Amino acid sequence: MNILLLGSGGREHALAWKIAASPLADKIYCAPGNSGIAQEAECVALDIADHAAVIGFCKEKRIDFVVVGPEAPLCAGIVDDLELAGIKAFGPSRVAAQLEGSKGFTKDLCRANGIPTAAYERFTAAGPAKDYIRARGAPIVVKADGLAAGKGVVVAATVEEALAAIDTMFDGALGNAGTEVVIEECLTGEEASFFALCDGANAIPLATAQDHKRVFDGDKGPNTGGMGAYSPAPVMTEAMNRRVMDEIIMPTLHAMAAMGAPYKGVLYAGLMLTAQGPKLIEYNARFGDPECQVLMLRLMSDLLPALIAARDGVLRNFDLRWYPEVALTVVMAANGYPGNYARGSVIEGLTEAANVEGVEIFHAGTKAEGGRILANGGRVLNVCALGRTVAEAQARAYAAVDRIRWPGGFCRRDIGWRAVERERERNQRVSP
Ligand SMILES: Nc1ncnc2c1ncn2[C@@H]1O[C@H](COP(=O)(O)OP(=O)(O)O)[C@@H](O)[C@H]1O
Ligand SMILES: [Mg+2]
């Protein structure tokens, strides 16, 4: 099969790496890709927002299957356009991708179908939104309805902070994403991510993960796209996974099908594990980044047939095998991220780092120039490792990080701390 993968981050490098391992894959292209992805696929300078250009490329190169990594092309309807042109593609349709593209859409779907989520209201004007905030009090959560690349949510500790968030959003700070807002109850508990592969009618659980959103050690500082992750999430027991499938994922699939917009693709549920049980924080319509990287490391089975079965609607009875090991990834970012950062600093030592046992390095934002690897983004590298325990995976990942010579970059030194602590407590209990 000839495959085209769309995207350019660490998620897409992990997908390219896994797809390249499939005996079904002959030629793999990636648009636009990066210098790490170039080790697995031929990178092509296609503008993926130009659907006609993508379709033209697929016809010229006889592409059998397109895998879409990021949310923007999904919400722009790339899968609809490809399928209409007779090209098979993995991912939800434009309407189904609203599960990520409109927080209000998802909240209404939850309310109509009894899916547990925070209490909420939707607003299209600042006045009524502020009245609602004053009536409910703080803490309270203000969310832009549309895609905001992780910048559209304010968890406000005070009423003033929430009112200010309303002004920022309706003043157009987030563009079209903020012309409508969702205001919701503030939930408390531990967060976890749950991934399911869906074919429109059936879903199979993939795996669970937890990520670190804050930029500094101890989960401090501003939010980022994600500074690290590990899988599985120790809080997600078998019983909890079952509840998430029964109470959240399956009712969503049924509701989307009943609406005439069956959901195909990866459904990524952001969860809050509250005292009342798991509640949906949000859906994403694709693999998480960097969660995808740790999932791919743990996946024993061939990924490609699973993606094709999801697209073809034949996931029922499909079986995926996972390594029992823990996978952990440390994100290395350019100095200054998530604020302003420079591009073009030189990264050395990647080969030595990749030689650490159990380690795999994915590129998130790099480019090759004159035989050197240069930083070309905010999040630049994902240093991943498998281990029998979280502690082992963490030690291996940081051993690899320490072999990378990159004065222009930094990383957190405590990825997985919560899981490592849990593991240590458990070990103390079993061997006093
Ligand atoms: N209702 C809520 N209660 C408490 N925290 C929340 C709530 N909604 C969102 N959050 C916090 O804000 C983060 C971002 O919100 P989310 O809905 O996932 O938006 P996005 O990922 O699109 O920025 C979550 O990971 C969570 O930490
Ligand atoms: Mg989120």
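Among the residues making up the range 128-158, a single one is within 8 Å of ligand 1 (Cβ to nearest atom), among the charged types (D, E, K, R) and in a loop (DSSP other than H, G, I, E, B): Lys151. With respect to the conditions (1) away from ligand 2 (no atom under 16 Å from the Cβ); (2) more than 15 Å from the chain's Cα centre (by Cα); (3) among the aliphatic types (A, V, I, L, M), Ile248 lacks only one, and its number is (1). Taking the conditions (1) within 14 Å of ligand 2 (Cβ to nearest atom); (2) surrounded by fewer than 17 Cβ atoms within 10 Å (Cβ to Cβ); (3) among the aliphatic types (A, V, I, L, M) in turn, Leu280 satisfies each one other than (2).
Restricted to the range 63-84, and to residues there that are part of a loop (DSSP other than H, G, I, E, B) and open to solvent by 30 Å² or more (accessible area, probe 1.4 Å), the residue that is farthest from Leu4 (Cα to Cα) is Ala76. Here Ile115 passes the criteria (1) outside any loop (DSSP other than H, G, I, E, B); (2) away from ligand 2 (no atom under 16 Å from the Cβ) except the one numbered (1). As a summary of the residue check, Thr124 satisfies the conditions (1) within 16 Å of ligand 2 (Cβ to nearest atom); (2) open to solvent by 20 Å² or more (accessible area, probe 1.4 Å) except for the one numbered (1).
For the range 260-314, taking the residues that are within 15 Å of ligand 1 (Cβ to nearest atom) and of a type in the set (Phe, Trp, Tyr), the one that is nearest to Leu109 (Cα to Cα) is identified as Tyr283.
How about the range 85-108: which of its residues are touching a Leu at 6+ places or on another chain (Cβ under 8 Å), hydrophobic (A, V, I, L, M, F, W, C) and either open to solvent by 40 Å² or more (accessible area, probe 1.4 Å) or closer than 13 Å to Gly146 by Cα (or both)?
Correct list: Ala97, Leu99, Phe105.
Selection of the range 100-139 for residues being among the acidic types (Asp, Glu) and either under 30 Å from Met250 (Cβ atoms) or in contact (Cβ under 8 Å) with a residue 24 or more places away in the chain (or both) yields Glu100, Asp108, Glu121.
What are the residues in the range 211-234 that are open to solvent by 10 Å² or more (accessible area, probe 1.4 Å), in contact with a strand residue (DSSP E or B) (Cβ under 6 Å, 6 or more places away or on another chain) and within 19 Å of Glu392 (Cα to Cα), if any? Selection gives Asp211, Pro232.
Residue by residue, here is whether (1) of a type outside the set (Gly, Ala, Ser); (2) part of a helix (DSSP H, G or I) holds:
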{"position": "Lys279", "(1), (2)": "yes, no"}
{"position": "Phe287", "(1), (2)": "yes, no"}
{"position": "Val294", "(1), (2)": "yes, yes"}
{"position": "Leu297", "(1), (2)": "yes, yes"}
{"position": "Ala306", "(1), (2)": "no, yes"}
{"position": "Leu315", "(1), (2)": "yes, no"}
{"position": "Phe318", "(1), (2)": "yes, no"}
{"position": "Pro324", "(1), (2)": "yes, no"}
{"position": "Leu328", "(1), (2)": "yes, no"}
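Among residues of the range 352-367 being within 20 Å of Gly69 (Cβ to Cβ) and of a type in the set (A, V, I, L, M, F, W, C), the one that is surrounded by the fewest Cβ atoms within 10 Å (Cβ to Cβ) is Ile361. Checking the range 334-345 against the condition returns no match, with no residue being in contact with a helix residue (DSSP H, G or I) (Cβ under 8 Å, 6 or more places away or on another chain) and away from ligand 1 (no atom under 16 Å from the Cβ).
Within the range 140-168, residues that are closer than 26 Å to Ala76 by Cβ reach partners that are of a type in the set (Ser, Thr, Tyr) with beta carbons closer than 7 Å, at six or more positions or on different chains, in the pairs Asp145/Ser102; Gly146/Ser102.
The values are calculated or read from the model by the stated rules, or taken from the named source; none is laboratory data. Note that the coordinates shown come from a computational prediction; the quantities given were computed from them, not determined experimentally. Note: ideal-geometry Cβ built from the backbone for every residue, glycine included; neighbour counts use all protein chains shown. To get the accessible areas, we keep the full protein, side chains included, count just its heavy atoms, and leave off ligands, DNA and RNA. Shrake-Rupley method; radii C 1.70, N 1.55, O 1.52, S 1.80 Å.
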